[in-house]
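Heads up, the thing below is written out as structure tokens.
The values are calculated or read from the model by the stated rules, or taken from the named source; none is laboratory data. Here the structure is a predicted model, which means the values were calculated and not measured. Cβ: placed from backbone, ideal geometry, glycine included. Neighbour counts: every protein chain shown. Calculation scope for accessible area: heavy atoms of the full protein, side chains included, ligands and nucleic acids excluded. Shrake-Rupley method; radii C 1.70, N 1.55, O 1.52, S 1.80 Å.
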Amino acid sequence: MRHRSFLFLLLAFFAQPVLAQQHYHVVDSIAVGGTGGWDYLAFDQGKLYVAHGDEVAVIDVAQKAVIAHLPAHGSHGTALARNLSKGFISNGHSNTVTVFEPITNTFMREIVVGQDPDAIAFDSSSDRIFTMNGHGDNITVIDGVTLNVIDSIALGGSPEFAVADGEGHLFVNLEDKNQTLAIDTKTLKITRRINLKGGDAPTGLAYDREHHLLFAGCHNGKMVVIDAVHGKVVTTIPIGQGVDATAYDWSSHQAFASNGDGTLTVVNVKSAKDITLQENAITARGSRTMAVDPATRTIYLATAQLGATPAPTADHPHPRPAIVDGSFKILIVRPD
């Protein structure tokens, strides 16, 4: 009887339906228009914040419409501090951070920071804002309550994207050193330098709180997965070319890399050791930055109609293609 029960259980297990893998597709788009290039996207409470030239376009995703234009000076990124009712924009042209009120989208203050602030991150455990100063090889630290500059952190390399874990750690990619740094957000000390074995020129960085994993998108067509606790590379995953952003969706347990070659790399994370490539979904050429809404499993990608690529010069050895005026838009991507 015991053996028969075991056999029934075994048969029942294998008789369970196998869930089909859901693939990602572009399902819609939101016209933004305007001129100039773009950079990072941020999503918060139904709003998408898109760094676009000398402004941040605020999009209500339910309405699929731009509802505000926040003036900036060569905007790179937006960080939202929901508990402080403040938003922060990094301005690469003026070496400043613009502070605004997110509900009314009204200007509050402008703060002078380091040279060429690029990515910007908010740490909820310390209520501090961090700007990655690309030409200064450092980070400017701002008190989110008083809006005073607290300090500057020398990095020894050029910072790209950064992400806070909400538990007192900021992780930063150094693009020219092939490293990811761990920084204590209270003491402002670098606690670890992680060499990205297998990765070259890391840009985007995302964090999985459940498994304590970091996902670094690199320009040699690799996503380097890092154990954030022990500071070790777990694995590398092949991705598309021209990556700029990575993201993690806790609701689907998936990591993403948005690639300028017109692909979205989807990676399944079943555990800290079971990490596999699902697909390289087709998006559109130039769609290299993104934001994710875990509540709806929606990915937003920025792109535009691209023209010819200018010839390289000494000042711009790797020029980007021309952007057709008025063609800038946000792609909406969802699983089937």
A careful count of residues in region 54-86 that are more than 19 Å from residue 166 (Cβ to Cβ), open to solvent by 20 Å² or more (accessible area, probe 1.4 Å), part of a loop (DSSP other than H, G, I, E, B) and not acidic (Asp, Glu) gives 5
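Taking the criterion of being among the acidic types (Asp, Glu) and under 21 Å from residue 301 (Cα atoms), would at least one residue in region 198-206 satisfy it? Show your work before the answer.
Let us first name the residues in region 198-206 that are among the acidic types (Asp, Glu), namely 200.
Of the ones still in play, those that are also under 21 Å from residue 301 (Cα atoms) are none.
No; the residues of region 198-206 include none that is among the acidic types (Asp, Glu) and under 21 Å from residue 301 (Cα atoms).
Assess whether residue 230 counts as being modelled with pLDDT of 95 or more, within 25 Å of residue 254 (Cβ to Cβ) and out of contact with any strand residue (DSSP E or B) (no Cβ under 9 Å at 6 or more places or on another chain). Spell out the reasoning first.
On the way: modelled with pLDDT of 95 or more: yes; within 25 Å of residue 254 (Cβ to Cβ): yes; out of contact with any strand residue (DSSP E or B) (no Cβ under 9 Å at 6 or more places or on another chain): yes.
Against the criterion (modelled with pLDDT of 95 or more, within 25 Å of residue 254 (Cβ to Cβ) and out of contact with any strand residue (DSSP E or B) (no Cβ under 9 Å at 6 or more places or on another chain)), residue 230 qualifies.
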Within region 219-275, residues touching a Pro at 6+ places or on another chain (Cβ under 7 Å) and open to solvent by 50 Å² or more (accessible area, probe 1.4 Å) come out as 222, 250
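For residue 45, state whether it is touching a helix residue (DSSP H, G or I) at 6+ places or on another chain (Cβ under 9 Å) and either surrounded by fewer than 20 Cβ atoms within 10 Å (Cβ to Cβ) or among the basic types (Lys, Arg) (or both). It would help to see each step written out before you state the result.
Details: touching a helix residue (DSSP H, G or I) at 6+ places or on another chain (Cβ under 9 Å): yes; either surrounded by fewer than 20 Cβ atoms within 10 Å (Cβ to Cβ) or among the basic types (Lys, Arg) (or both): yes.
It is true that residue 45 is touching a helix residue (DSSP H, G or I) at 6+ places or on another chain (Cβ under 9 Å) and either surrounded by fewer than 20 Cβ atoms within 10 Å (Cβ to Cβ) or among the basic types (Lys, Arg) (or both).
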Taking first residues from region 134-155 that are in contact (Cβ under 8 Å) with a residue 40 or more places away in the chain and second residues anywhere that are part of a loop (DSSP other than H, G, I, E, B) and open to solvent by less than 10 Å² (accessible area, probe 1.4 Å), the pairs with Cβ under 8 Å that are 6 or more apart or on different chains are 139/155
Result of the Cβ filter at 9 Å on region 316-327, keeping first residues that are closer than 17 Å to residue 32 by Cβ and assigned to a loop (DSSP other than H, G, I, E, B) and partners that are open to solvent by less than 50 Å² (accessible area, probe 1.4 Å) and β-branched (Val, Ile, Thr), at least 6 apart or interchain, is 327/303
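Would you mind listing the strands (runs of 3 or more DSSP E) fully within region 117-190 where at least 3 residues are over 15 Å from the mean Cα position of the chain (by Cα), crowded, with 22+ Cβ neighbours inside 10 Å and modelled with pLDDT of 95 or more? First the steps, then the outcome.
Working: elements: 117-123, 128-133, 138-143, 149-154, 159-164, 169-174, 179-184.
Filter on region 117-190 gives 128-133, 138-143.
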